[in-house]
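The values are calculated or read from the model by the stated rules, or taken from the named source; none is laboratory data. Note that the structure is a prediction, hence the values are computed from the model and not measured. Positions of Cβ are backbone-derived with ideal geometry, glycine not excepted, and every protein chain shown enters the neighbour counts. In case anyone asks, the SASA skips ligands and DNA or RNA and just uses the protein heavy atoms, side chains included. Shrake-Rupley method; radii C 1.70, N 1.55, O 1.52, S 1.80 Å.
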Amino acid sequence: MRVLLGLGLIGMLAGVGLAQGPSTEMHAVAAFPMNEEGLYIHRHVAAGEPFTVAGPQGVVVGEQQGTFEAWVLPVKLLSHLTIEAQVEGYAVPLDLNTMAREIEVRPDRTTITYSHIAVTVRQTMFAADAMPEGTGAVVMFAVDSARPVDLTLRFTGEMREMWPKLSSGAPSAEWVARGKSGFYVLHTDYDNLSGAVALPGATPGIMAPYQERPQVHPLEFHLHVDPKTDRGKVYPLLMAVGRTKETASTAALEAKMREVDEGLAGIYAAHAARYKAQAEELTSIQTPDLRLNEDFSWAVTSIGQLRAKAQPTGEIGLVAGYYSSGDSARPGFGWFFGRDSLYTLYAVDSYGDFGLARAELEFLMARQRADGKVMHEYSQTAADLDWKALPYWYAAADATPLFLTTMLDYVRASGDVGFLEAHKDKVMSAWSFETTHDADGDGIYDNAQGTGWVESWPPGMPKQEIYLALMDQQGSAAMGQMARLLKDGATADAASARAGKIKGLIEREYYSEEKDEYGFSQDGGKVDRTSTVFPTVAWWNAGEGYDAGLGHAGGSLGRWSSHEFATDWGARDVAASDPMYDPISYHQGSVWSLFTGWNAMAQYRGGRPLAGYQSLMENADLTDAQDLGAVTELLSGDFFEPFGRSTSHQLWSSAMVVTPVLRGMFGIEVDAVAGTVKVTPRLPADWDSAEVKRLHVGTAVVDLEYRREGGAMVVEMKPVSGKLVKLLSAANDVSRVPLPGVEVSVGHGLPLPGRRTAQIKVLNETLNGRSMRLEVEGIGGTKGQFKVRRNGQVQRVMAEGGEMKGDQLLVKFEGSGYTRCVVTLRW
């Protein structure tokens, strides 16, 4: 009772605003220089479109009009922040959010500009690694006005810990005066959870006294800015959260905000320097497609921004993505996810951030179940809950075999066999789990231990999915290779034999000669023949020790690149002609950037680079389509429009730009254990040259230069640092790959929002001596256009089923809807 009465007294004092303290107040900061080099996206504000500013300790997510919510992870501190201005001598109050004009996104910050004839306000946000503990992101306001102006910032105090931890309800706000200004403390019902928000120089708004009937007013900061005296000042919105009795005290919260206020320029400088170093150290590409070069670098940046510091351990792990939580307490998929991060580590390994890859693998191994199963989901508040009692931690089955393939991928990329040896027990435990959980006894790991891919399926949840069977096959192959590195011959032989056996079972149990495709799932021998994209994962792992792909792949590869699956913005997971198809469902017809990446890898590795390129570019082009600099999670299967609940800054979606570029288009296979690089170039025909800069091969760094010379693609490897590595099938680190006499390239680009799929689809390409056969689709009544490249001594190219005009191939599509056409080029 005494505790409750004490908390009630806090609420009474909060309403009256009696709290006083030292007269020293926090101050606006002198404007400091910010980085103007490197990646940059500048757009007019798009109403309703999201933005994300994320770092290990804090997140700001909102809409481009400038409204946002702010998290000091794992706590949502405030939401619904808006800005109003009253210019001296100008009678109309200005709703600045309706005057948001421009948004500028750089790796280290995002700026939204509000513009009126009398005043301009720039809202700059960043979330630095170097933020003091208990703080997250900073929002800075720079004001340029013709006359004195009064700004009113309104927001809702939240103090809601990330779902599913229970909330204590709306916090009570206390204004703590400091000189002529002060700050708000947001008290919860517990003395070990409080937050604080300050805007130096601001005064409070309405705070109803305790005696008043219950009512709700937004919290307000009132800030007066005089251009004569305040020009050149920056006003930071300072935010802090305490989650222990000591750190939740008013003094502790104030100290944290002061630390940020006084060190803001230095915090930003270190933050910008980190991004600069990243750009100079990690892999990048230089191609004739300047936008693709930037899309690639944005994907690398986007992945790094989704690192989060787990509480209370301080470990760094990857979260699946962020999006505004609205009135909930879950900011998109802002949890740690097993399979999301494991698929992403292929990209991380590819661009050489081995420290992040190790940290994520260690994060997952620390939460591996005693029987070896690898985790699926772990909330940022999981350590505060009985997480085992909730159904999320180990809900999915696929993270376990995926852990094995990803561990091998890390070892191959980094050469760090010692890491594998140090974690041998974790690897063997995962292998044991995978090989001892076969409920129906058919020799394949199945869904009895959790979902394979789909989390709902109208006919009933599948007992075994081809997706999970393929993961088991590849996990077994990976275990065989890791066992050899560990000098465990018996396990190596057993695992490799198991991989071969599973591959044979998949062919026998899932392939239909009549449909010439693979089924989705099976239960006791009864196969669900729904046409899905999931068998594309058969090509995900390739190289030494892997038997990649499917035995009867031709029909499936063509179908996945056709209008049945391929939209102009990515791959549907269920064919549009299938009775199961639902374009606005989660699992039965929507477009996921993840599946588009799988399809790109399948097409490239399956010998169909034009279809691979189309899938790759559908993902890359999404980089600035919604949340600028990031790739969204999923979109409608019918119209070019993201789902309202699509996590707009999504981890594996950005990864599905990096991996298809480096391993698909550039055809790079790294084996740092052996000290080798293998290349199978599949560059677009209209590129004369391209470079992969700073490819990491273990501790070595090399550049790869690709250029066309006559009838060959010349690939030259140049050392940058570290020990020497070898380019396979090359003399003096120069490889000459023969090219066909004629190549064809296809364009790319997203449609306008709301449009249906209408672009050309390349289903197949076959070379036979001095001829090329193209199987393509297009809308009846339209003409398709391809650029034709002549290599070597080729002079004349003849077309059957199309028309050559100079170096352009024109294809006319007859009929209505999508129609198929075969074109043969001879030279």
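The figures follow:
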{"quantity": "Failed item, numbered, when Leu752 is tested on (1) under 35 Å from the mean Cα position of the chain (by Cα); (2) open to solvent by less than 60 Å² (accessible area, probe 1.4 Å); (3) under 29 Å from Trp560 (Cβ atoms)", "calculated": "(2)"}
{"quantity": "Residue, surrounded by the most Cβ atoms within 10 Å (Cβ to Cβ), within segment 793-814, restricted to residues that are over 41 Å from the mean Cα position of the chain (by Cα) and over 17 Å from Glu775 (Cα atoms)", "calculated": "Val797"}
{"quantity": "Flag for Met665 being crowded, with 24+ Cβ neighbours inside 10 Å and more than 15 Å from Asp349 (Cα to Cα)", "calculated": "yes"}
{"quantity": "Residue match in segment 574-583 (condition: part of a loop (DSSP other than H, G, I, E, B) and under 29 Å from Gly667 (Cβ atoms))", "calculated": "yes"}
{"quantity": "Per-region count, segment 690-711, residues under 17 Å from Ser735 (Cβ atoms) and in contact (Cβ under 8 Å) with a residue 60 or more places away in the chain", "calculated": "8"}
{"quantity": "Considering residues of segment 567-603 that are among the hydroxyl-bearing types (Ser, Thr, Tyr) and more than 22 Å from the chain's Cα centre (by Cα) only, the residue least open to solvent (accessible area, probe 1.4 Å)", "calculated": "Tyr581"}
{"quantity": "Boolean, Tyr190 is on the phi < 0 side of the Ramachandran plot and touching a Gly at 6+ places or on another chain (Cβ under 8 Å)", "calculated": "no"}
{"quantity": "Verdict on Asp150 being farther than 30 Å from Ser379 by Cα, over 31 Å from the mean Cα position of the chain (by Cα) and without any contact (Cβ under 8 Å) to a residue 40 or more places away in the chain", "calculated": "no"}
{"quantity": "Per-region count, segment 777-814, residues hydrophobic (A, V, I, L, M, F, W, C) and over 17 Å from Leu763 (Cα atoms)", "calculated": "6"}
{"quantity": "Checking Leu404 against (1) part of a loop (DSSP other than H, G, I, E, B); (2) in contact (Cβ under 8 Å) with a residue 60 or more places away in the chain, the condition it does not meet", "calculated": "(1)"}
{"quantity": "Val658 open to solvent by less than 10 Å² (accessible area, probe 1.4 Å) and without any contact (Cβ under 8 Å) to a residue 40 or more places away in the chain", "calculated": "no"}
{"quantity": "Single residue of segment 266-308 satisfying the filter (under 17 Å from the mean Cα position of the chain (by Cα) and among the charged types (D, E, K, R)) that is surrounded by the fewest Cβ atoms within 10 Å (Cβ to Cβ)", "calculated": "Arg307"}
{"quantity": "Close pairs from segment 47-74: first touching a residue at least 40 places away in the same chain (Cβ under 8 Å) and closer than 16 Å to Gly644 by Cβ, partner open to solvent by 10 Å² or more (accessible area, probe 1.4 Å) and among the hydrophobic types (A, V, I, L, M, F, W, C), Cβ under 6 Å, at least 6 apart", "calculated": "Gln64/Val45; Gln64/Ala46"}
{"quantity": "Filter result for the condition that a residue is in contact with a Phe, Trp or Tyr (Cβ under 9 Å, 6 or more places away or on another chain), at pLDDT below 95, open to solvent by 20 Å² or more (accessible area, probe 1.4 Å) and closer than 29 Å to Lys256 by Cβ, over Gly6, Gly11, Gly15", "calculated": "Gly11"}
{"quantity": "Filter result (open to solvent by less than 60 Å² (accessible area, probe 1.4 Å), out of contact with any Ser or Thr (no Cβ under 8 Å at 6 or more places or on another chain) and in a loop (DSSP other than H, G, I, E, B)) within segment 367-389", "calculated": "Arg367, Met375, His376, Ser379, Gln380, Thr381"}
{"quantity": "Among (1) surrounded by fewer than 17 Cβ atoms within 10 Å (Cβ to Cβ); (2) in contact (Cβ under 8 Å) with a residue 40 or more places away in the chain, the one test that Gly418 misses", "calculated": "(2)"}
{"quantity": "Of all residues making up segment 687-703, the number that are surrounded by fewer than 22 Cβ atoms within 10 Å (Cβ to Cβ), in contact with a strand residue (DSSP E or B) (Cβ under 8 Å, 6 or more places away or on another chain) and among the β-branched types (Val, Ile, Thr)", "calculated": "1"}
{"quantity": "Unique match (being over 15 Å from Phe51 (Cα atoms) and either in a loop (DSSP other than H, G, I, E, B) or open to solvent by 10 Å² or more (accessible area, probe 1.4 Å) (or both)) among Val92, Val121", "calculated": "Val92"}
{"quantity": "Counted residues, segment 340-366 - those being open to solvent by 20 Å² or more (accessible area, probe 1.4 Å) and either among the charged types (D, E, K, R) or touching a Cys at 6+ places or on another chain (Cβ under 8 Å) (or both)", "calculated": "3"}
{"quantity": "Residues that are open to solvent by 70 Å² or more (accessible area, probe 1.4 Å) and in contact with a His (Cβ under 6 Å, 6 or more places away or on another chain), drawn from segment 198-245", "calculated": "Ile206"}
{"quantity": "Unique match (being open to solvent by 10 Å² or more (accessible area, probe 1.4 Å) and modelled with pLDDT of 95 or more) among Thr135, Thr156", "calculated": "Thr156"}
{"quantity": "From Asp425, Asp488, residue being without any contact (Cβ under 8 Å) to a residue 24 or more places away in the chain and either of a type outside the set (D, E, K, R) or open to solvent by 50 Å² or more (accessible area, probe 1.4 Å) (or both)", "calculated": "Asp425"}
{"quantity": "Positions within segment 685-707 being in contact with a helix residue (DSSP H, G or I) (Cβ under 7 Å, 6 or more places away or on another chain) and among the aromatic types (Phe, Trp, Tyr), in sequence order", "calculated": "none"}
{"quantity": "Residue among Ala399, Ala469, Ala483 that alone is of a type in the set (Gly, Ala, Ser), crowded, with 17+ Cβ neighbours inside 10 Å, closer than 26 Å to Ala497 by Cβ and free of Cβ contacts under 8 Å to residues at least 24 places away in the same chain", "calculated": "Ala483"}
{"quantity": "Strands (runs of 3 or more DSSP E) fully within segment 189-265 counting 3 or more residues that are more than 33 Å from the chain's Cα centre (by Cα) and within 23 Å of Val29 (Cα to Cα)", "calculated": "219-225"}
{"quantity": "Residue under evaluation Ala128, criteria (1) surrounded by 17 or more Cβ atoms within 10 Å (Cβ to Cβ); (2) outside any loop (DSSP other than H, G, I, E, B), criterion not met", "calculated": "(2)"}
{"quantity": "Of the criteria (1) in a strand (DSSP E or B); (2) closer than 16 Å to His80 by Cα; (3) aliphatic (A, V, I, L, M), which one Ala170 fails", "calculated": "(1)"}
{"quantity": "Criterion (in contact (Cβ under 8 Å) with a residue 12 or more places away in the chain, out of contact with any Gly (no Cβ under 7 Å at 6 or more places or on another chain) and part of a loop (DSSP other than H, G, I, E, B)) met by exactly one of Gly792, Gly769, Gly749", "calculated": "Gly749"}
{"quantity": "Test set (1) open to solvent by 10 Å² or more (accessible area, probe 1.4 Å); (2) closer than 17 Å to Thr632 by Cβ - Tyr322 fails condition number", "calculated": "(1)"}
